[in-house]
1. Just to be sure I understand, if you calculate Rg and Dmax of the Cα atoms in Å for this structure, which of [x] 16.4, 50; [y] 15.6, 47; [z] 15.6, 50 do you get?
2. Note down the relative contact order for region 1-113 as a percent, whole number, built from C-alpha pairs under 8 angstrom at least six residues apart.
3. Calculate how steeply helix 131-150 sits against the longest principal axis of the alpha-carbon atoms of the chain, using the helix alpha-carbon long axis, and give the answer as 0 to 90 degrees to the nearest 10.
4. I'd like the orientation of helix 113-126 relative to the chain: the angle between its Cα long axis and the longest Cα principal axis, in ° from 0 to 90, rounded to 10.
5. Please report, in debye to the nearest 20, how large the charge dipole of the chain is about its Cα centre when each Lys and Arg carries +1 at its beta carbon and each Asp and Glu carries -1 there.
Amino acid sequence: MSIYLHFRAVAESEIRDDHTWLAAFMSEAWENDIDEYAAGIAHSINKGWDAVNDLYAAADTFCPDADEPWTLPIYGGRPVPQSTDAAPSNPPLMLLEPSGVSQAAGFLTAVSFDELWNVVGAKFSAFGWTRQEHLEHHRALREFYEQAASAGHAVVKAVWA
C-alpha cells in the first residue's frame, strides 16, 4: 500500500481555513499532480517522509536553535481540525503559513546535506535507506520551498493512503 505526504503551495488569500474545503482542494491538486509538479507548486514523498524528517532533525546536533527550523519542511504547520461529522476518508491536513514557508526555505538552503548525512548516514544505511534517495528528496524539497517562499505562498500538506 502506498501512502504519500502531499505538499501544495498556494496563495494564502486563496485558502479557506476549513477542513472540508481544503480536503477538496488537495484532492483536486492530487488529481492534477503531474501538471502541478511541473509548475513547481506541488511535491510529494511516498512513505519515507518520516526518515526525511529524521535527516533534518540531525541539524539539531550541529546547529541547535530554539526555533528548530528543521521541523518545518515535513511536519511544520498547524493541523487543520476536522468537523465532528467529517467523513473518515478525509485526509489529515496541515497548513504552513508563508512565514513558516520562508523559514523552511531558509533552513533547506542553509543546511549542508553532507553534514546531515554524516550524522545519520550509518543509521540510515542500516535500514536500507540510500544517500542518493535522501539527497533527491532534499533537493526537491529545497526547490519546492524556495519557489513557494519567493511567491509568498503558504503550503498545505495532506496524507493520502
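1. Checked against the structure: label [y].
2. 29
3. Computed tilt is about 50 degrees.
4. Taking the Cα atoms of the chain, the angle to 113-126 is about 90 degrees.
5. 320
We did not get these values from a lab; they are worked out from the coordinates using the rules stated. Please read all numbers here as calculations on a predicted model, not as lab measurements. Every residue, glycine among them, receives a Cβ derived from its backbone with ideal geometry; neighbour counts consider all protein chains shown.
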